[in-house]
1. Among the numbered conditions (1) open to solvent by 10 Å² or more (accessible area, probe 1.4 Å); (2) in contact with a His (Cβ under 9 Å, 6 or more places away or on another chain), tell me where A:Glu109 comes up short.
2. So if I check each of A:Glu697, A:Glu739, A:Glu707, A:Glu744, which one is under 23 Å from A:Gln362 (Cβ atoms), out of contact with any helix residue (DSSP H, G or I) (no Cβ under 7 Å at 6 or more places or on another chain) and at pLDDT below 95?
3. Restricting attention to the range A:537-556, does a residue exist that is surrounded by fewer than 19 Cβ atoms within 10 Å (Cβ to Cβ), touching a His at 6+ places or on another chain (Cβ under 9 Å) and touching a residue at least 12 places away in the same chain (Cβ under 8 Å)?
4. Those residues that are touching a Pro at 6+ places or on another chain (Cβ under 8 Å) and of a type outside the set (A, V, I, L, M, F, W, C), I need them from the range A:251-268; list them, please.
5. Given the conditions (1) in a loop (DSSP other than H, G, I, E, B); (2) open to solvent by 60 Å² or more (accessible area, probe 1.4 Å); (3) in contact with a helix residue (DSSP H, G or I) (Cβ under 8 Å, 6 or more places away or on another chain), and given that A:Arg438 satisfies all but one, which numbered condition is not satisfied?
6. May I ask you to list the residues in the range B:8-34 that are surrounded by fewer than 19 Cβ atoms within 10 Å (Cβ to Cβ), in contact with a Gly (Cβ under 9 Å, 6 or more places away or on another chain) and at the interface with another protein chain (Cβ under 7 Å from one of its Cβ atoms)?
7. State which residue pairs qualify: first residue among the aliphatic types (A, V, I, L, M) and inside the range A:643-661, second residue surrounded by 15 or more Cβ atoms within 10 Å (Cβ to Cβ) in any location, beta carbons under 6 Å apart, and separation of 6 or more residues or different chains.
8. Here is a check on your reading of the model: is A:Ala449 crowded, with 17+ Cβ neighbours inside 10 Å, modelled with pLDDT under 95 and in a helix (DSSP H, G or I)?
Amino acid sequence: MKTTTQDEATVSEELAQLSVNNPNLVEMDDPPPPQITSEGIITTDITHKFKAAASTLEPGELIKDGFFTLFESVGSLEIMDPKMDSGCLAPGESLDEEYDVTRPLLPSEVLGIIDQLLCLEMAWHLGYPLSQTLFTNVYIEAMQMPSPTTIQEAHFIRSDDNQGDGAAQNPMFTVLRAYCLGLLKACWYVNERIKSEHYYEEEDFVTNTYHRSLLEDIDRTEIRDEILAARRLLHSIRHEISEEVSQALSLRLELRTAFLRAIELSELRSNPDSLSLPWSQMKAVWAAINKSHHLGKPVPEAFSTKIQRRVASTMPPRPIVHLSFEETFKHFNNLLEDGIEVLKVLNYHDPQSLLNFVLTFQAKKPQPLVYIRTLLQNFLFKDMVILGNLSIRQVLDADLSIVVLPGSRLLDPANDAVEAPYDPRFAMAHQMEVFRQRAAQSYLDIHRAFCQNRCRVRRTLCHSIQDWETVQIDAEDIDQLLAVQLEEQPMSYTTTLTSSSEPALSLPLSSWAYLYKLRLMEWIVQLGFELETYQPDELAGMYWYLSYLAKTRAQHVERIKAFTVSRYNEKRIAGTSKVTKSEEEQHKRSLSYLRVTLIDAAVTWELADGLSCLYTVLHRLKLIPTYPGPYSSDELRYDIRMKPFSTVGLPELPSFETFKNATAQPDTSTADLLTYALRAVEGAKRGFHDGLAVLNEKEAFTVGTHERWVARTKNTLKSVISTSIAIGAVQRALNNNGENNNKECRDDVLHNDLKVEVPKPDKTYHEWWIVPKITVTEKKKAAGGEGV
Amino acid sequence: MPAAEQMSRGEAGDFLQSLLNKNLRVTTTDARMFWGGFKCTDPESNVILQHTYEYRHPSTQQLLLAEAVATTGNNNNGTIKMEMQSRYLGLVVIPGKYITKIEVEEFASQLPK
């Protein structure tokens, strides 16, 4: 069916291309006078006959070509419908651009136009198409159409014959032109950068340039020279136009050169300090630009949606995006700050710090703009070289060394040089390479995923789970083979969380994969809170699941630690000479990492546990709004929420019964639940004070992003404290009703006495911790006062 | 309405059928012309054209510009010639209420003498 319509289409297209049917040859009959080129074609006016004939048709009757289906007609453009027909003009509207680009401009007008262009440029960065932003400007359009191939042609006033034309030489035109040159070239680089990395078209950004070149063919050095010349010109005429305005214009030109320079340098991917110079320069200039905005005189006539009719798109004109200068200022400031900060990723220290950098940088609110995010991707992955000078193997091996294999023979680069196939080192090198091939992509994908917008991060992680599941399984096979080569003996271990285990192998590679998989699962749940995926009445259950995952992670880290410690001890007992200084340092670093991870997991587990219990209590008191869904049941919803995890073998997905029980805890009294919740939260608090608060950047594995990490950690601590306050408030209300023995009656009283507000994620201290705000109602306060 | 245009239903249907897949030039109230293959119509004279091009008369601004060029040139004989601006649209439906003129193209050689 589909193929036949396609064939038809191609046949009719071919027919259309036959010279007789070629529309380009058909001339019109109205003024200008008819010139029928093809003598063989005659046109006949059939207006009346046609209309009369059509009117005889029954309602609903159609005359149509047998091969034409109404299904096809759905895709047709409706002429004269202003929402569809881009050629449709309002009464009295003309297609002409009334604006004359050669009209003289006042310096303040040029300033006004430039500031408007700044707003539109930012709107483009925020995700609006060029057609609704920069391409609505008549100067930009005139400069780009027809497409210039040399710097001389790139002018909105083009006159080939009169080079010395006064109009084109007007100093204000020179300034505006230089600004537009710098702007368009920067847009070209930004657009190319975004296109070359992973982003979501129309969701994050629109890369369509509507067949405008954005000065692709013109060299940036030529543009820089033009801008410099314009600035010199401004300097020389500063007394003729006011000094203030001249200064303001010059600053805007400086912004353009600095932006181009920043882009140029970012391609180097090294030496972040020198890379950040133009960004810092822009930031200083930007502050000054904001102060001189009032000097400009807006020229709204220089912007028009009519230009959209000429861009290669059948979309009808859509309105110009108006971003206020205040908003633009804020966004630009963020862009510049993020631009400076993102360069710090190039100060590579260790892979865990790198991951933490990406995690905390992307968790910023508002999230960095798509250009900055693609810049980060470019730094990270361009040409499969990490941060400009590291191989994927270097990063991966360093990560394995930190997490599971400090000072291990498996990571010895000398193994690669062994050529004897019976040598265990030969087998080790081979198996490790198999593993790297298997795991590297999944490992890098975590970083890439976090460079996307927040909703996409969560979606992508949901898909990656399956991937990590298989990495873990494959790694276990490799682990078994390597254990033979290392002559490893199974060992039983005890930790604080688990009693003694059956003797087991250390399985370092699959342990590594499992740890990442667990972190992925936690992130998915946590991002669920951040993105408001869960309704308030689901919070008890989801925090319970989060605590379940975090507890599993803590147990797993303890297991890794047990093997790491025992391996180290074995080595030491075997003879001190065998432990080199570097090995000892690697061990220390690994233990330090395991400690942070353990504390982090424990804090997450305890806080989630405490919150879950609190929400259970609030649920019992009917203080959490529930939404009646006629087609929904708790079990169906559970299936949906757990869908990303349903394919995961370990940790096993709790059954719905277990989940329901853990969420409702019917056998525990409300008072006991609150006591338990408070204890859990106190535990989390201790984790901060004794553990996380005292770490320096090397111990926390946050080199380069420590400040941001500390701020985030503090916000979690604030969440811990506000949770304990909330628990305390409910406890007090409960104790005040201590004399009331009838449980149902007491719950009713509490229900009336307390007011609960579940805040939106952006109103919390930390968007992953939705802590309810509990207040005692006024009525109760008054009653309490009387009692005293 | 002239008697000649009082067609029977059968004749009317035959006439419209005979136009199918011929190239029509449909002019709308805003003086644009659409050139394309006739595919379908209904009692309201809504017309569907395939592989349609839109033609628009030059704007007054462009006419003035062309005039200025023509008058400065040497071969000024008082008239100027301008191409219509065209644009490809593809499949379009033109509501009957906006149609001011319909013309059909035929090969001169195929017309009855």
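1. It is condition (2) that A:Glu109 fails.
2. Details: A:Glu697 fails: out of contact with any helix residue (DSSP H, G or I) (no Cβ under 7 Å at 6 or more places or on another chain); A:Glu739 fails: under 23 Å from A:Gln362 (Cβ atoms); A:Glu744 fails: under 23 Å from A:Gln362 (Cβ atoms).
On inspection, the qualifying residue turns out to be A:Glu707.
3. Yes, the range A:537-556 contains a residue that is surrounded by fewer than 19 Cβ atoms within 10 Å (Cβ to Cβ), touching a His at 6+ places or on another chain (Cβ under 9 Å) and touching a residue at least 12 places away in the same chain (Cβ under 8 Å).
4. A:Arg261
5. Of (1) in a loop (DSSP other than H, G, I, E, B); (2) open to solvent by 60 Å² or more (accessible area, probe 1.4 Å); (3) in contact with a helix residue (DSSP H, G or I) (Cβ under 8 Å, 6 or more places away or on another chain), only one is false for A:Arg438: (1).
6. In the first step, residues of the range B:8-34 are kept if they are surrounded by fewer than 19 Cβ atoms within 10 Å (Cβ to Cβ); the result is B:8-11, B:13-15, B:17-18, B:20-22, B:29-31.
If we keep only those that are in contact with a Gly (Cβ under 9 Å, 6 or more places away or on another chain) too, we end up with B:20-22, B:30.
Hits for the range B:8-34 are B:Leu20, B:Asn21, B:Asp30.
7. A:Val648/A:Glu469; A:Leu653/A:Met642; A:Leu653/A:Phe645
8. On the way: crowded, with 17+ Cβ neighbours inside 10 Å: yes; modelled with pLDDT under 95: no; in a helix (DSSP H, G or I): yes.
Criteria not met by A:Ala449.
The values are calculated or read from the model by the stated rules, or taken from the named source; none is laboratory data. These figures come from a predicted structure and were not determined experimentally. FYI the Cβ positions are ideal-geometry reconstructions off the backbone, even for glycines, and counts take in every protein chain you see. Note: accessible area is taken over every heavy atom of the protein model, side chains too, but ligands, DNA and RNA are not part of it. Shrake-Rupley method; radii C 1.70, N 1.55, O 1.52, S 1.80 Å.
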